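Reviewing the structure listed below.
The values are calculated or read from the model by the stated rules, or taken from the named source; none is laboratory data. Just so it is clear, the structure is predicted and the values come from calculations on it, not from any experiment. Heads up, the Cβs are rebuilt from the backbone with ideal geometry, glycines too, and the neighbour counts pull from every protein chain shown. Surface areas here come from the heavy atoms of the whole protein model, side chains and all, with no ligands, DNA or RNA. Shrake-Rupley method; radii C 1.70, N 1.55, O 1.52, S 1.80 Å.
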Amino acid sequence: MAVSRATHFTPAGRFLGSCYKQRLLAPHLSVGWRAVSGGEYRRPGQTQDNTPIWKKFDFNKGVEGMRKHFTLLKNEFLGRWTGPEGKPLIEHFLEQTRVIWEFRGPESLEQWTVSSDREIGGRSEAYLKLGRNNATCLMYGTLCSAPPRDGETRYSGYCTLRSKPPMGSFDSKKHHDWSSFNTLHLRIRGDGRPWMINVGAETYFSHQKDDMYSYFLYTRGGPYWQDVKIPFSKFFLSSRGRVQDDQHPLWLDKVNTIGITLGDKADGPFQLEIDFVAVCNDRAHTEEFAYEVYKRNPEV
């Protein structure tokens, strides 16, 4: 007489079983997908770095990092007794213009990151260096819109200069507070190409991490400098390169990064020289938001 045997799994057993199945099926399910290793993009077919973390640790760098973070912690603690961002309140009330980034030495370039489609297999090249007399920043390179031959990527051809997000002591998250200003001010010298300015702000939900506020930057070209002032009310919301129907104003008190992107599909060399990036308060500009805002519960 055959006796049927029933098997009962506990919640812990079901969890371990699912993990074991995922481990077995992961190599087969990851084919054709873009894998992410350590938070960075990994091209299809690229091997994963399995080096143990203890082999990458450097004791000397660890000591320097601890000294740096304790110094930042001391400055943050003492700066709060002086005022917001370590400045007296009278300066915040009377401040009309604030220079956020200016390029006056090699250490100023460490606050920025240059990237291109070469990270995904493209052929564009972008470099960053100081200009003449070490008083400006020069971004130059070559743009190529040919997509990589990996069987997945369909579009390519971009170069980006992006600021690093501000970090506090022990890598705590900080933000730029530009709520007292309404205009972005740049002093640039370009080659006549159209660029895109992208401002990234803090979001509430994880699915909004790709949200970006963008506006166009048109350079004249030639040997003369160009002062560009763009009101923050002109920036429109986009996500992964697509303009969103539901528009909202930019949160100026939680700005993380600002970037300048080139992707005009015109293959060839390019260059953009930047003197400074600042924010100012234009009293003549009273517009709050330039685009239509939909009301979820309109008044009757």
Members of the range 200-245 that are of a type in the set (A, V, I, L, M) and within 14 Å of the chain's Cα centre (by Cα): 201, 212
Residues located in the range 102-157, provided they are within 23 Å of residue 279 (Cα to Cα) and touching an Asp or Glu at 6+ places or on another chain (Cβ under 9 Å): 102, 103, 108, 131, 135, 136, 137, 138, 139
Scan of the range 116-129 for residues that are open to solvent by less than 30 Å² (accessible area, probe 1.4 Å) and in a strand (DSSP E or B), ordered by number: 116, 126
Members of the range 261-289 that are closer than 28 Å to residue 108 by Cα and outside any strand (DSSP E or B): 263, 264, 281, 282
Single residue of the range 64-81 satisfying the filter (at pLDDT 80 or above and open to solvent by less than 100 Å² (accessible area, probe 1.4 Å)) that is farthest from residue 168 (Cα to Cα): 66
When residues of the range 157-176 are limited to those that are open to solvent by 10 Å² or more (accessible area, probe 1.4 Å), assigned to a loop (DSSP other than H, G, I, E, B) and within 26 Å of residue 218 (Cα to Cα), the one modelled with the lowest pLDDT: 165
Hits in the range 82-115 - residues which are open to solvent by less than 80 Å² (accessible area, probe 1.4 Å), at pLDDT below 85 and out of contact with any Phe, Trp or Tyr (no Cβ under 9 Å at 6 or more places or on another chain): 82, 83, 84, 86, 87, 88, 92
Matching residues in the range 184-200 - criterion: being over 25 Å from residue 265 (Cα atoms) and surrounded by fewer than 20 Cβ atoms within 10 Å (Cβ to Cβ): 185
Qualifying position, being in contact with a strand residue (DSSP E or B) (Cβ under 8 Å, 6 or more places away or on another chain), open to solvent by 40 Å² or more (accessible area, probe 1.4 Å), touching a residue at least 12 places away in the same chain (Cβ under 8 Å) and of a type outside the set (A, V, I, L, M), among 275, 264: 264
Members of the range 179-235 found to be touching a residue at least 60 places away in the same chain (Cβ under 8 Å) and touching a His at 6+ places or on another chain (Cβ under 9 Å), listed by number: 180, 182, 183
Complete set of residues in the range 157-214 that are among the acidic types (Asp, Glu) and within 28 Å of residue 145 (Cα to Cα): 191, 210, 211
Count - residues of the range 140-151 that are surrounded by fewer than 14 Cβ atoms within 10 Å (Cβ to Cβ), at negative phi and of a type outside the set (A, V, I, L, M): 2
Residues within the range 149-168 that are more than 30 Å from residue 73 (Cα to Cα) and in contact (Cβ under 8 Å) with a residue 40 or more places away in the chain, tallied: 7
